[in-house]
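Enquirer: Take a look at the following structure, please.
The values are calculated or read from the model by the stated rules, or taken from the named source; none is laboratory data. Small disclaimer: the values here were computed from a predicted structure and weren't measured. Here the Cβ positions follow ideal geometry from the backbone for every residue, glycine too, while neighbour counts run over all protein chains shown.
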Amino acid sequence: MDVEILARMQFAVTIAFHYIFPPLSIGIGFMLVLFEGLYLKTGNKQYESLTKFWIKIFALIFVIGVATGIIMEFEFGTNWATYSRYVGDVFGSPLAAEGLFAFALESGFLGVLLFGWKKVKPWVYLLSTIGVFLGSMFSAIWIVVANSWQQTPAGFHIVGKGMNARAEITDFWAMVFNPSSIDRILHVWLGALLAGAFIVLSVHGYYIYKNRHILMSKRAFKIALVVATVFSLLQLYIGQRSAEGVAKDQPAKLAAYEGHFAAYAPADMYLLGYVDNQNEKTTGIKIPGGLSFLINYDFHTPVRGLKSFPTEDRPSLVNAVFQFYHIMIIIGVILIFLTLFSCFLWWRGNLFSKKWLLLIFVFAAILPQISNQVGWYAAEMGRQPWVVYGLLRTSDAFSKSVTSNQILFSLILFTAIYLLLFVLFIYLLNKKIMHGPFEYNREDSLKSENTNLLIKE
């Protein structure tokens, strides 16, 4: 098999598996801040138990995330030597900042959360919780800044020629605030906050469904539902802003998102569809002129299509980009509908009487994760054939000395290791969930729960 394809497959496998965990760290970190803040404000022991319970899950996610993220740094050197040389001076700054200002902050304060519960004052513990959350947020900032520079390069110049060419920063802040970085950071943050909110909804929805930890779980469920509702609606707005940015800075990617081939013509928005790349035709359920309206607020404004680009400058797997993008959109709509409907039932006073709805939430935790994954796949595959948009082609970026057999062997090995790690993660996560949060306040919590069983919702 082709070396480039294998190298891309290996990086896709490693980063996709790693990206299961950072969004959960951000989202659960935010929920921890809410739970601990409510405990300090109200003195309610149930919020204390919620904080301690979710810290254990956060720690598990953090450890697996760190272990799986290290491998990607080695891949840059082994499989993508030309790329590393080309962008090393640019990527060095945000990645160093991520280690200094994000990872150190997050891991340091996590130690306080895990081992300092009885050793520090409550306000220090809350400050540590905020520190862990901010550390995870800062980590996302610098990683997304580095990736966004690949999408919309800015604040640099090229030194050297040919194989020795490399990008150097001329304006650090122009590099950080490149044209796509802000919208993409917000988009990633919101996706992560939804992932955290929905895993809380899933776990406590399961407890309520099974008549376990009722009072505590209802409190946690309502808090997470508010978070999920607000951020799912906000994601709709940020997603629209991101589409406008892609239309301006990466028109070929936007055309691939909607399978728009006509060089300059009003563009439709597809709800479902299929792209025949060979015959340059897209079929499906569509809103005529919908894409034109999305980016120009006019159904008849022409949008640049794939035929306006040379064949070698178009994404090669247009249907895959199209499908991944639309899966992300469909899941976003489902999350909005699900949260708004649940808020309506809450307003009517019968949120927890619908067992089928609780069961939906138990399994809905997978939806933000799928949306986050396919969103990244659409963004990265849509950037092709460029690894640095308009400057460095992917075909020129991989290591010339590495062989296909070497990559294939390591791909199989890493896949096996990741499968083992995933099984271990699911086992430990399930064990903690089955144990429940009452190992900390078992006597008081059981009294509260037994009392609550007598109360009609």
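Enquirer: Within region 212-230, is even one residue assigned to a loop (DSSP other than H, G, I, E, B), modelled with pLDDT under 90 and surrounded by fewer than 21 Cβ atoms within 10 Å (Cβ to Cβ)?
Expert: Scanning region 212-230 turns up at least one residue that is assigned to a loop (DSSP other than H, G, I, E, B), modelled with pLDDT under 90 and surrounded by fewer than 21 Cβ atoms within 10 Å (Cβ to Cβ).
Enquirer: Looking at Ala256, Ala262, Ala247, which one is small (Gly, Ala, Ser) and crowded, with 22+ Cβ neighbours inside 10 Å?
Expert: Details: Ala262 fails: crowded, with 22+ Cβ neighbours inside 10 Å; Ala247 fails: crowded, with 22+ Cβ neighbours inside 10 Å.
Being small (Gly, Ala, Ser) and crowded, with 22+ Cβ neighbours inside 10 Å holds for just one of Ala256, Ala262, Ala247, which is Ala256.
Enquirer: If you don't mind, there's one more thing I want to ask. Counting just the residues of region 186-222 that are small (Gly, Ala, Ser) and over 30 Å from Gly245 (Cβ atoms), which one comes out nearest to the chain's Cα centre (by Cα)?
Expert: Among those residues, the one meeting the criterion is Ser202.
Enquirer: Please go through region 270-301 and pick out each residue that is surrounded by 15 or more Cβ atoms within 10 Å (Cβ to Cβ), small (Gly, Ala, Ser) and in a strand (DSSP E or B).
Expert: If the condition is that a residue be surrounded by 15 or more Cβ atoms within 10 Å (Cβ to Cβ), small (Gly, Ala, Ser) and in a strand (DSSP E or B), then Gly273 is the only one that fits.
Enquirer: Moving on. Would you pick out the residues in region 30-70 that are within 21 Å of Phe103 (Cβ to Cβ), among the β-branched types (Val, Ile, Thr) and crowded, with 19+ Cβ neighbours inside 10 Å?
Expert: Ile55, Ile57, Ile61, Ile64, Thr68
Enquirer: Among the small types (Gly, Ala, Ser), touching a Phe, Trp or Tyr at 6+ places or on another chain (Cβ under 8 Å) and either at positive phi or at pLDDT below 90 (or both): is that true of Ser399 in this structure?
Expert: Here the answer is yes, as Ser399 does meet what is asked.
Enquirer: If you scan region 166-204, which residues turn out to be of a type in the set (Val, Ile, Thr) and not in a helix (DSSP H, G or I)? Steps first, answer last, please.
Expert: In the first step, residues of region 166-204 are kept if they are of a type in the set (Val, Ile, Thr); the result is 169-170, 176, 182, 185, 188, 199-200, 203.
Result: Ile169, Thr170.
Enquirer: Hey, among the residues in region 141-183 that are among the aliphatic types (A, V, I, L, M) and modelled with pLDDT under 85, which one's surrounded by the most Cβ atoms within 10 Å (Cβ to Cβ)?
Expert: Within region 141-183, the match that is surrounded by the most Cβ atoms within 10 Å (Cβ to Cβ) is Ala165.
Enquirer: Confirm whether Leu421 is surrounded by 14 or more Cβ atoms within 10 Å (Cβ to Cβ), touching a residue at least 12 places away in the same chain (Cβ under 8 Å) and over 25 Å from the mean Cα position of the chain (by Cα).
Expert: no
Enquirer: Could you please find all residues in region 333-387 being closer than 13 Å to Leu225 by Cα and not aliphatic (A, V, I, L, M)?
Expert: Phe337, Thr339, Phe341, Ser342, Cys343, Phe344, Trp346, Trp347, Phe352, Phe361 - these are the residues of region 333-387 that are closer than 13 Å to Leu225 by Cα and not aliphatic (A, V, I, L, M).
Enquirer: Kindly list, by first and then second residue, each pair from a residue in region 200-224 that is at positive phi to a residue that is crowded, with 21+ Cβ neighbours inside 10 Å and in a helix (DSSP H, G or I), limited to pairs with Cβ atoms under 6 Å and residues at least 6 apart or on different chains.
Expert: These pairs meet every condition: His213/Tyr207.
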